[in-house]
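K.L.:
One structure follows; several queries about it will come next.
The values are calculated or read from the model by the stated rules, or taken from the named source; none is laboratory data. Please read these numbers as outputs of a predicted model, since none were measured by experiment. Neighbour counts are summed over all protein chains in view; Cβ atoms, including those assigned to glycine, are modelled from backbone coordinates with ideal geometry. Side chains are part of the model used for accessible areas, which takes the heavy atoms of the whole protein and leaves out ligands, DNA and RNA. Shrake-Rupley method; radii C 1.70, N 1.55, O 1.52, S 1.80 Å.
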Amino acid sequence: MGKRLLLSLVLSSALAATWAHAADKAVIQVMHQGDPGFVAAYGKVAERFEAANPDVDIQFIYAPHDAYNEKFSAAVVAKQLPDVMELDAPFLANYVWSGYLQPIKPLIDKDLLDDMTASNIAQGTYPIDKDLYAIGLTDSSVVLYGNKKYLEAIGARIPKSVDDVWTREEFETYLEKLSKLDGVKWPIDTFRGYGIKTEWITYAYGPILQSAGCDLIDRKAWKSESTLDSDACVDALAMMQKWVKNGWVVPQSAGTNQFFAEGNPAALALGGHWVYAEAVAAMKDNIVVLPLPKFGAKGASPDGTWIWAITKTSKHPDIAAKFISFLLKDKEYRAYVASQSGYPGLKSFAAESPLYANGGPMAIAFEQASKTAVARPPHPAYPTITSAFMQAVDEVFNGGDPKEALTSAAKKIDEDIADNDGYPPFGDQQ
Amino acid sequence: MSDIALSIPRARAAQSFSATRVLRLIQVTCIFIIALVIVSPLLLLVVASLKDDRFQILADMGSFRAFWVSIPTLSNYAEVGHLSGELAFGRYLINSLIILITTVCSGLIVNSMAGFVLAWGSLRGRAVILSIVIALYVIPQESIIMPLVIMVSRAGMADTFAVQIVPWVASPLYIFLFYQFFSQLPKELLEAAEIDGASFFRAYRSIFLPLSLPALATVSILMGIETWNQYLWPILVTQTDYARPIAVAIATFFGQDSIYWDRAMAASVLMMIPILGLYLAFQRWFVSSFIGSAVKG
């Protein structure tokens, strides 16, 4: 009996000690999205961080890409915001305006802040107070991938830099020629397969409108009517509708890789920088990377990607920032991102990425960042802007009238802004 | 009777027999084609899960190659099985099974009890309650999902198995299904039970419930499929892999930049097996329930 009692006491003490030790640990919750490769990479970084900081427990909250915003909304209403959250850069203004994020400049390692590229700083900066709220290892861009054999067969001119891009006329002429070429099922893959549940349409097609001389919203007056439904935008969207009607564009049902799929059914691809790794693996040297064409007087290309921020509700912002700094400096994580053709957002990472260096196969993508990149509107109404625009594009691609669809989208955007009294102080800046 | 007179009816009989055979052949062919069309997505899923190249899967879409694999491999299944940590599919599969079994079992008890009370109970305002139950069915889940998130998080249920079970146990549809089934049974059964001294609950448990196998099977299958395929709700109310179901885990294969069709297909096949098992286990009663519904006027 005495032995049993002693044993119970020892066990209880051991359990209590373990529990107390676990309770002593600072728990940092990290909400993120990503494919299996990235999920695994984050897990390994956390293991290394915990080994270096035994008093910290990193807990991941995975939210699938297509339901990320819903998960975030649920976390907000349930008052369960994580300490660290990954967010899509164009949504930053909305989150900061809503009071969810805190400035990170005083928290993140200074050497990392000094290492950020201009576009990385831009994507993490809130335009009202010009403060930095998020940081990432990467940024992004979209280029025009071309099948070398097909382009040579139609005698297409190959641009060497962003200053030398195809004009709208050249581009459409090549599409028509490619449509008649043996082996080409579709002249271009615009990755419609991503659907309208992701940011793809606004991210990749928005710059076509901007290049054509208009925008999703007037960035001074913060009004969409007379801008999104202007003649230039209607003309640009009608042009894209014509490509679809002519059967030049890979349909949504065909998935997202017809450029580098077996038999190369698509001759061109308006694809993100991330497509490169898969395309080059499938096509070897039969691939050329071209800057985005000019659809009007100027060139335009997208930027912005998923970056890391610290929420205002975090009880341990210092540890949260320490984890972000650790993640962005982690050598193995960087090597993995580089292997996925990650677009550099830190100067040191650019130096580790020969793909984007001068003379590198994706150098043109990096050149676009400084010459033609146009960020998506950094406004709290962005969730409405992107949703309205995506619906309009989807409607037009399915045969709808471009003017009607864009007018309806512009109205929706302006109504949302009016409903929120102009999202002050945004409206007060004029 | 002459030979000619005899041969005419024989010829007619042979002609009619041959016409019947042709008609049957056409019927069988049509049924076979329809069955093939219905089964084809399933076949495509299984075949794609046996291909070792995710790009090949997409390249084959839209042609008959989608239904053929020259060198089948189980590597996708192995990869899904080997994923660990946050991607440990075994864990998610077990979570899904726990949620499925608990929800369906509790759902059968709660909904059948409610249906029985509405059909034969003596409580006042049964008709009004029934109307409310039917009215609740038309409220879309999306419209109540955020208030429900607030409720369960305030109740401290976030990231538990309970949060994925409790809100979905009682369902207007299944209560109505049970109500309809019980109300079609003869009232004499209840009266006989009461004469024998059985309580209302005893009559439900010992007489009406055993007679409701088709309704139980139908609700089990429908509720099972609904629970198994829950996607948005678990994302909203769970944080970690502790109680998350497999539908959420499969979503990792649909990344921002690329879709891992090969592994997604293998995981989907694995996800399909338990629900297929549930259907096969109950299909005899499930089918008889539908036949019964059709026969009764």
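K.L.:
Quote the relative contact order of chain B in percent (integer), defining contacts as alpha-carbon pairs under 8 Å separated by 6+ residues.
P.N.:
On the way: 265 pairs, mean separation 79.8, N = 297.
Computed value for chain B: 27 percent relative contact order.
K.L.:
A further question on this structure: Most mobile of B:THR218, B:THR29, B:THR252 per a Gaussian network model of chain B (Cα springs, under 10 Å)?
P.N.:
Highest fluctuation of the listed residues: B:THR29.
K.L.:
For segment A:329-422, state the semi-axes of the equivalent ellipsoid (square roots of 5 times the eigenvalues of the alpha-carbon gyration tensor), sorted largest first and rounded to whole angstrom.
P.N.:
38, 17, 12
K.L.:
Could you pull out every one of the lysines with an alpha carbon less than 16 Å from that of A:LYS25, ignoring same-chain neighbours closer than 8 positions?
P.N.:
A:LYS315, A:LYS322
K.L.:
So between B:ARG202 and B:ILE139, what do we pick up on full extension, going 0.36 nm a residue minus the alpha carbon distance? Write down the numbers at each step before the final one.
P.N.:
Values: separation 63, 0.36 × 63 = 22.68 nm, distance 3.39 nm.
Working it through step by step, the gained length comes to 19.3 nm.
K.L.:
Using a 1.4 angstrom probe on the protein heavy atoms only, could you order B:TYR231, A:TYR356 from most to least accessible area?
P.N.:
Details: B:TYR231 60, A:TYR356 10 Å².
I get B:TYR231, A:TYR356, largest accessible area first.
K.L.:
With runs of 4+ DSSP H residues as the only contributors, calculate the mean residue ellipticity of the protein assembly as shown at 222 nm using -39,500 (n - 2.57) per run, divided by the residue total and rounded to the nearest 500.
P.N.:
Values: 31 runs with 403 residues, N = 727.
Using -39500 (n - 2.57) per qualifying helix, the result is -17500 deg cm²/dmol.
K.L.:
Highest mean first, how do B:163-170, A:273-280 rank when packing is the count of other Cβ atoms within 10 Å averaged over residues?
P.N.:
The most tightly packed comes first, giving A:273-280, B:163-170.
K.L.:
May I ask you to derive the relative contact order of chain A, considering only C-alpha pairs under 8 Å and at least 6 residues apart, and to give it as an integer percent?
P.N.:
This gives 25 percent for chain A.
K.L.:
Can I ask one more? With +1 on each Lys and Arg Cβ and -1 on each Asp and Glu Cβ, and nothing else charged, work out how big the dipole of chain B is about its Cα centre, in Debye to the nearest 20.
P.N.:
Around 840 debye, computed over chain B.
K.L.:
Hey, can you list the DSSP H helices of chain B whose Cα span along the axis is 27 Å or longer and whose average Kyte-Doolittle score is at least -1.0?
P.N.:
Passing helices, by number: B:3-49, B:89-120, B:261-295.
K.L.:
By its C-alpha gyration tensor, with a ≥ b ≥ c as the square roots of the eigenvalues, how is segment A:87-242 shaped: rounded for a/c under 1.5, else prolate for a/b larger than b/c, else oblate?
P.N.:
In terms of gyration-tensor shape, prolate.
K.L.:
If I build a Gaussian network model for chain A, linking alpha-carbon pairs within less than 10 angstrom, which residue out of A:GLN102, A:GLN123, A:GLN80 has the largest mean-square fluctuation?
P.N.:
Of the options given, A:GLN80 has the highest mean-square fluctuation.
K.L.:
Carbon and sulfur together cover what percent of the accessible area of segment B:137-203 at a 1.4 Å probe radius? Please list the in-between numbers first.
P.N.:
Numbers: 2480 of 3880 Å².
Taking all protein chains in place, segment B:137-203 shows 64 percent carbon and sulfur surface.
K.L.:
Set the bar at 20 Å for Cα to Cα. Now go through A:LYS79/A:LYS329; A:LYS149/A:LYS177; A:LYS148/A:LYS185; A:LYS160/A:LYS185; A:LYS71/A:LYS312 and name every pair that lies beyond it.
P.N.:
As for pairs spanning more than 20 Å Cα to Cα, those are A:LYS79/A:LYS329; A:LYS160/A:LYS185.
K.L.:
Taking a probe of 1.4 Å, how large is the accessible area per residue of segment B:12-125, in Å²?
P.N.:
62
K.L.:
So, one more: With Cβ to Cβ distances under 15 Å as the rule, what net charge do the other residues near A:ALA335 carry (K, R +1; D, E -1)?
P.N.:
Here the count lands on +2.
K.L.:
Evaluate E = 1/(1 + (r/R0)^6) for A:GLU169 and A:LYS411, where r is the Cβ-Cβ distance and R0 equals 51 Å; express this FRET efficiency to the nearest 0.05.
P.N.:
0.95
K.L.:
Over the residues of segment A:200-293, compute the C-alpha Rg and express it relative to 2.2 N^0.38 Å.
P.N.:
1.29
K.L.:
Please name whichever of B:TRP285, A:VAL374, A:ILE128 sits farthest to the positive end of the charge dipole of the protein assembly as shown, dipole taken about the Cα centre and charges placed at Cβ: Lys and Arg +1, Asp and Glu -1.
P.N.:
Positive-end residue among those listed: B:TRP285.
K.L.:
Enter the accessible area per residue of segment A:97-213 (Å², integer; probe 1.4 Å; all protein chains in place). The partial results should precede the final answer.
P.N.:
On the way: 4530 Å² over 117 residues.
Result: 39 Å² per residue.
K.L.:
Right, something else. Please report the relative contact order for segment A:123-275, taking Cα pairs under 8 Å with a sequence separation of at least 6, and give it as a percent rounded to a whole number.
P.N.:
35
K.L.:
Further question on the same structure: In a solvent-free Debye calculation with one equal scatterer on each Cα, what is log10 I(q)/I(0) for segment A:141-190 at q = 0.14, 0.21 Å⁻¹, listed in the order of the q values?
P.N.:
Log-scaled intensity ratios, in q order: -0.34, -0.77.
K.L.:
Just want the answer: with Cβ charges of +1 for Lys and Arg and -1 for Asp and Glu, which residue in A:LEU355, A:SER141, A:ILE58 is farthest toward the dipole's positive end in the protein assembly as shown?
P.N.:
Result: A:ILE58, furthest along the dipole toward the positive end.
K.L.:
Still on this model: So what are the three principal axis dimensions of the protein assembly as shown from its Cα atoms, in whole Å, longest to shortest?
P.N.:
For the protein assembly as shown, the Cα extents along the three principal axes come out at 105, 94, 56 Å.
K.L.:
Partner chain Cβ atoms within 10 Å, averaged over the residues of A:259-267 - can you pull that number for me?
P.N.:
Working: counts 0, 2, 7, 7, 1, 1, 2, 0, 0.
Mean partner shielding for this stretch: 2.
K.L.:
Let me ask something else about it. Under a 10 Å cutoff between Cα atoms, tell me which one of A:GLY342, A:GLY399, A:GLY213 has the largest fluctuation in the Gaussian network model of chain A.
P.N.:
With Cα springs under 10 Å in chain A, the top fluctuation among A:GLY342, A:GLY399, A:GLY213 is at A:GLY399.
K.L.:
Using C-alpha positions alone, give me the convex hull volume of chain A per residue in cubic angstrom.
P.N.:
Convex hull of Cα atoms, per residue: 164 Å³.
K.L.:
A further question follows. With the solvent-accessible surface defined on protein heavy atoms using a 1.4 Å probe, which residues belonging to segment B:254-275 display a reduction of at least 20 Å² in accessible area in the multichain context relative to the isolated chain?
P.N.:
Output list: B:GLY255, B:GLN256, B:ASP257, B:SER258, B:ILE259, B:TYR260.
K.L.:
Here is a follow-up. Compute for chains A and B the buried accessible surface, both sides summed, probe 1.4 Å, and express it in Å² to the nearest 100.
P.N.:
2900
K.L.:
Okay, next question. Would you compute, for the Cα atoms of chain B, the largest minus smallest coordinate along each principal axis and list the three values in descending order, in whole Å?
P.N.:
Per principal axis, max minus min of the Cα coordinates gives 94, 68, 31 Å.
K.L.:
Which whole DSSP H helices in chain A pass both tests: a Cα extent of 15 Å or more along the axis and a mean Kyte-Doolittle value no lower than 0.0?
P.N.:
Long hydrophobic helices here: A:2-24, A:36-52, A:231-245, A:317-329, A:382-397.
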